Structures are given as structure tokens and as C-alpha cells.
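The values are calculated or read from the model by the stated rules, or taken from the named source; none is laboratory data. Quantities reported herein were computed from a predicted structural model and do not represent experimental measurements. Cβ placement follows ideal geometry from the backbone for every residue including glycine, while neighbour counts extend to all protein chains displayed.
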């Protein structure tokens, strides 16, 4: 089994590792293993929590733009073979949990998504058709954190961020 060419592939190695474990551990792993993504020669699970803001942190993400941006960000991520697992658009910032293949850097994907979405916003909501030099909707930086075992915590944080912000604002009023 160890000498054949099948065992030298990633799938073969994983199968060998599973055979070496006791049956109870194998069943537990099958239950907890998530479907993994794959490229030609690798299997991967690279998830990142990313946050960025509009320029000058203006509260400009609202109503129609909020709906439009949700679809646009998902489409742009899909163009880079990424998947937005979870996301929330606040009035003054964006939170996403995104799965990015290892062949792309985080900076590359975030730059692409922010740049193309800014152009799309300018075309749709600002009446601009061309000449986008000097125009920017998003601020230059972003926050990124890798997501490992605490994925559920990050998902929960993203889902409930808006209600938490409202609660803190209420506390600050007094």
C-alpha cells in the first residue's frame, strides 16, 4: 500500500492517516471534518475576518447601496475564486468572513474587491461613467485576522455586530 503511486498523492496520504487511527476516532473525524476546498495539488481551508471603512468613515452605506453592495461584493469575490461565508454591512464599515484560495494573497483579493466595488458604486450611484482617477469610496487600509478554530465566534461577532453597536451607543447617551 505504501509503495503504490496512489499513496504518494494528498488523497492517498489522508487515506493512510485515516487507516492508522482507531475506528472510533475515524468516525469522530468524519463527523467533524468540513468539506474542504481544493486546487490541483492541494486541499485548503483559508478563512479571514476582514474589516474596512468608507473614506473618512462617513456613514454612507445605507438602504439601496447596502443591498447593492452585498451582491456586488459576493460577485467580485467569486471572480477571484473566493467565497464570502458571512458578511455584514454597517453604516460606517464592512465586516466579512471570506475564504481565499492560497494562490491569492489577502492584499490582492481585498484590493480587487475594494477597487472594483468603488468603481461600481461611482458608476451606479454617482453618475460617473469613466475617469475614476482620484475617486475613491473606501479608505486605504483594512483589518485582517486569520480564522481557525474560533470560526463560530467570528461568525457570531459579525452577525451581532450591529446590535452590539446600538447597545453601546445607548450606554454612551447617559
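State yes or no: is residue 120 surrounded by fewer than 16 Cβ atoms within 10 Å (Cβ to Cβ) and farther than 29 Å from residue 166 by Cα? In short, no. With respect to (1) closer than 19 Å to residue 52 by Cβ; (2) in contact with a strand residue (DSSP E or B) (Cβ under 8 Å, 6 or more places away or on another chain), the lone exception for residue 151 is condition (1). Tell me whether the stretch 103-125 contains one or more residues that are free of Cβ contacts under 8 Å to residues at least 40 places away in the same chain, within 23 Å of residue 38 (Cα to Cα) and outside any helix (DSSP H, G or I). Yes; the residues of the stretch 103-125 include at least one that is free of Cβ contacts under 8 Å to residues at least 40 places away in the same chain, within 23 Å of residue 38 (Cα to Cα) and outside any helix (DSSP H, G or I). Residue 160 meets each of the listed conditions (1) closer than 24 Å to residue 58 by Cβ; (2) touching a residue at least 24 places away in the same chain (Cβ under 8 Å); (3) surrounded by fewer than 14 Cβ atoms within 10 Å (Cβ to Cβ) apart from (2). Suppose the filter is surrounded by fewer than 18 Cβ atoms within 10 Å (Cβ to Cβ) and under 16 Å from the mean Cα position of the chain (by Cα); does residue 103 pass it? Considered against the rule, which asks whether it is surrounded by fewer than 18 Cβ atoms within 10 Å (Cβ to Cβ) and under 16 Å from the mean Cα position of the chain (by Cα), residue 103 comes out as yes. Residue 72 falls short on exactly one of the conditions (1) modelled with pLDDT of 90 or more; (2) touching a strand residue (DSSP E or B) at 6+ places or on another chain (Cβ under 6 Å), and that condition is (2). Residue 93 fulfils the conditions (1) at pLDDT below 80; (2) in contact with a helix residue (DSSP H, G or I) (Cβ under 9 Å, 6 or more places away or on another chain); (3) closer than 20 Å to residue 140 by Cβ except for a single criterion, (1). Within the stretch 46-62, being touching a helix residue (DSSP H, G or I) at 6+ places or on another chain (Cβ under 7 Å) and assigned to a strand (DSSP E or B) holds for 47, 48, 49, 50, 52.
Every listed requirement among (1) under 20 Å from residue 161 (Cα atoms); (2) surrounded by 18 or more Cβ atoms within 10 Å (Cβ to Cβ); (3) out of contact with any helix residue (DSSP H, G or I) (no Cβ under 8 Å at 6 or more places or on another chain) is met by residue 69 save one, (3).
Out of (1) more than 23 Å from residue 145 (Cβ to Cβ); (2) without any contact (Cβ under 8 Å) to a residue 12 or more places away in the chain; (3) surrounded by 11 or more Cβ atoms within 10 Å (Cβ to Cβ); (4) in the same structural domain as residue 152 (by TED's automatic domain parsing), what's the single condition that is false for residue 38? The failed condition is (4).
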